[in-house]
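This report refers to the structure that appears directly beneath it.
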Amino acid sequence: MREHKNFWDRNAGLYDCFMRKDRAVYEKMYELIRPVVKDKTVLEVATGTGLIAKHIVKAAAHIEATDASPEMITEAKRGNYSAKLRFSVQDMFSLPYASKSFDVVIVSNALHIVPQPEKSLREIKRVLKDDGVLIAPTFTHAENSFLGKIKAFFMNLAGFPLHSKWTSEEYLKFLQQNDWTVRKSVVLKASFPLTYTECVKSEV
């Protein structure tokens, strides 16, 4: 994970600026998330600068927002935010929380940039309650437009760690293969296609 941490540490100060162009899409995503987290105990892994957590915290009972990058968490802690929200540096592959601790876990735009997304999903499953919900919006880069492909090329040159290029259909299949039942999915049009998903644990 070290090389990926370094990329995010280096770019933490630019992240919010980079995401601003997709603000309207993110507003739509917040609208989808808020009813799911209403009065719930929430964990967000790979929170980055805390954009999602800060926009949905009013609806939630409490949010633990974590990221592997210390610089991202430093950025997330800037400014005023709700006392219901706590930021900390954590490893998404080895979380410090007890099993079945959270009603909702959010992992947004992270599963495609880690080398072992299956391992992260196993850890998420461990800390999520049996009747809990996983919210896992992810850029599905295999469906990039021509312009999107050009953007992705330059991001790759900058060291962006893209490990999985899924279509929306492939991404949903990947979740199902890892014992999640997709209860809702919506493709949102952003700089890159964004597949918003809500999942529950599959009956084994």
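The values are calculated or read from the model by the stated rules, or taken from the named source; none is laboratory data. Just so we're clear, the structure is a prediction, and the values are computed from it rather than from any experiment. Don't worry about glycine lacking a Cβ; one is built from the backbone with ideal geometry, like all the others, and counts go over all protein chains shown. Areas reflect the complete protein model, heavy atoms only, side chains present, ligands, DNA and RNA absent. Shrake-Rupley method; radii C 1.70, N 1.55, O 1.52, S 1.80 Å.
Considering every residue within the range 150-157, establish whether at least one is polar (S, T, N, Q), modelled with pLDDT under 85 and open to solvent by 80 Å² or more (accessible area, probe 1.4 Å).
yes
For the range 69-90, name all the residues that are of a type outside the set (D, E, K, R) and either free of Cβ contacts under 8 Å to residues at least 40 places away in the same chain or part of a loop (DSSP other than H, G, I, E, B) (or both).
SER69, ILE73, ALA76, GLY79, ASN80, TYR81, SER82, ALA83, LEU85, SER88, VAL89, GLN90
Residue by residue through the range 43-68, note down the ones that are open to solvent by less than 60 Å² (accessible area, probe 1.4 Å), more than 20 Å from SER185 (Cβ to Cβ) and either in a loop (DSSP other than H, G, I, E, B) or touching a residue at least 60 places away in the same chain (Cβ under 8 Å) (or both).
LEU43, THR47, GLY48, THR49, GLY50, VAL57, ALA59, ALA60, ALA61, ALA68
Restricting attention to the range 1-33, which residues are open to solvent by 80 Å² or more (accessible area, probe 1.4 Å) and modelled with pLDDT of 90 or more?
Scanning the range 1-33 gives LYS28, GLU31.
I'd like the full set of residues that are surrounded by 15 or more Cβ atoms within 10 Å (Cβ to Cβ) and over 12 Å from ALA53 (Cα atoms), limited to the range 74-88.
Answer for the range 74-88, where residues must be surrounded by 15 or more Cβ atoms within 10 Å (Cβ to Cβ) and over 12 Å from ALA53 (Cα atoms): THR74, GLU75.
With the condition kept exactly as written, say whether any residue in the range 177-193 is within 15 Å of the chain's Cα centre (by Cα), crowded, with 18+ Cβ neighbours inside 10 Å, modelled with pLDDT of 95 or more and within 26 Å of LYS100 (Cβ to Cβ).
Taking every residue of the range 177-193 in turn, none turns out to be within 15 Å of the chain's Cα centre (by Cα), crowded, with 18+ Cβ neighbours inside 10 Å, modelled with pLDDT of 95 or more and within 26 Å of LYS100 (Cβ to Cβ).
Would you point out the residue of the range 93-116, among those that are under 13 Å from LEU128 (Cα atoms) and hydrophobic (A, V, I, L, M, F, W, C), that is surrounded by the fewest Cβ atoms within 10 Å (Cβ to Cβ)?
ALA98
State all residues of the range 130-148 that are at pLDDT below 90 and either open to solvent by less than 20 Å² (accessible area, probe 1.4 Å) or assigned to a strand (DSSP E or B) (or both); if no residue qualifies, say none.
Matches in the range 130-148: THR138, PHE139, THR140, HIS141, ASN144, GLY148.
Output the number of residues of the range 91-129 satisfying the condition of being closer than 22 Å to THR49 by Cα, part of a loop (DSSP other than H, G, I, E, B) and either of a type in the set (Lys, Arg) or under 14 Å from the mean Cα position of the chain (by Cα) (or both).
6
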